[in-house]
Amino acid sequence: MSTTNVKPVGVAILEKNGLDVDALIAQLTKNASVEFTAYYYFTNLRMHCVGVEGEGIKGVIEDARMEDLSHFESCIERIYQLGGKLPNHAHEFVNMSGCEFLEIPEPATDLQAILEKCLKAEQGAIANWNQVCNMTFGKDPVTYDLAKDLLAEEIEHEAWFLELLHGRPSGHMRRRYPGESPHTRKHSRALDR
Ligand SMILES: [Fe+2]
Ligand SMILES: [Fe+2]
């Protein structure tokens, strides 16, 4: 059954509110690809945090990594509700992220370089979710609610890596368990924490 001509009222009202729905779908899909790809790269980076010093860093990267998975999951339903879709091919999806900078450094266990990469990823994610907040504020309360919760979690992640790199206190307590996702868990119920 073709769904091409089906226009949900839930999308028509957004256009009436002045939202560029196609631009929002494009941005949300790109953000989803960044979260998915960062989850992969953080998995590899975390593995290379070795030694006594690396052990503590590993835990923080693990918290951020599992929450990136929550962020990817959080995007999916809204993309489809708006009429978008994920690319058929995984490499196409990963390529749109622009996350190549997250490859493990040389040497691979350079903790300072690993932390700098993590910080850069979090700062990019903040810009991405802030962009969705700006696009949807006052026009699309559902996507705005999602974007502002993702933004809140990314701001926490940035603070963790700023603390580790520059000694700037983040005010954070460790998560009770990796993937707790205090701000986004309601958007990623498939993970069933
Ligand atoms: Fe994220
Ligand atoms: Fe993050």
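The values are calculated or read from the model by the stated rules, or taken from the named source; none is laboratory data. Since the structure is predicted, the reported quantities are computational estimates derived from the model, not experimental observations. Cβ sites come from the backbone with ideal geometry, for glycine too, and all protein chains shown count toward neighbours.
Summary table
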item	result
Tally, over the stretch 65-104, of residues that are closer than 20 Å to Met47 by Cβ, in contact with a Leu (Cβ under 9 Å, 6 or more places away or on another chain) and without any contact (Cβ under 8 Å) to a residue 12 or more places away in the chain	0
Any hit, the stretch 120-130, residues being assigned to a helix (DSSP H, G or I), basic (Lys, Arg) and over 22 Å from Glu77 (Cα atoms)	yes
Output for the stretch 131-179, where each listed residue is touching a residue at least 60 places away in the same chain (Cβ under 8 Å) and of a type in the set (S, T, N, Q)	Gln131, Thr136, Thr143
Failed criterion for Gly138 (all others in (1) more than 22 Å from Tyr40 (Cβ to Cβ); (2) touching a Lys or Arg at 6+ places or on another chain (Cβ under 8 Å) hold)	(2)
Evaluation of Ser74 against (1) within 21 Å of Leu165 (Cα to Cα); (2) within 16 Å of ligand 2 (Cβ to nearest atom); (3) surrounded by 14 or more Cβ atoms within 10 Å (Cβ to Cβ) (one fails), failing number	(1)
Residue, surrounded by the most Cβ atoms within 10 Å (Cβ to Cβ), within the stretch 97-127, restricted to residues that are away from ligand 1 (no atom under 16 Å from the Cβ) and of a type in the set (A, V, I, L, M, F, W, C)	Ile114
Enumeration of residues in the stretch 28-54 that are over 13 Å from Lys117 (Cβ atoms) and not in a helix (DSSP H, G or I)	Val50
Any chance Asp149 is surrounded by 17 or more Cβ atoms within 10 Å (Cβ to Cβ) and over 25 Å from His172 (Cα atoms)	no
Residue satisfying all of: in the stretch 55-71; hydrophobic (A, V, I, L, M, F, W, C) and within 12 Å of ligand 2 (Cβ to nearest atom); farthest from Glu116 (Cα to Cα) among these	Leu69
Condition check for Ile25: surrounded by 18 or more Cβ atoms within 10 Å (Cβ to Cβ) and modelled with pLDDT of 95 or more	yes
Output for the stretch 85-96, where each listed residue is exposed (fewer than 14 other Cβ atoms within 10 Å of the Cβ) and not in a loop (DSSP other than H, G, I, E, B)	Ala90, His91, Glu92
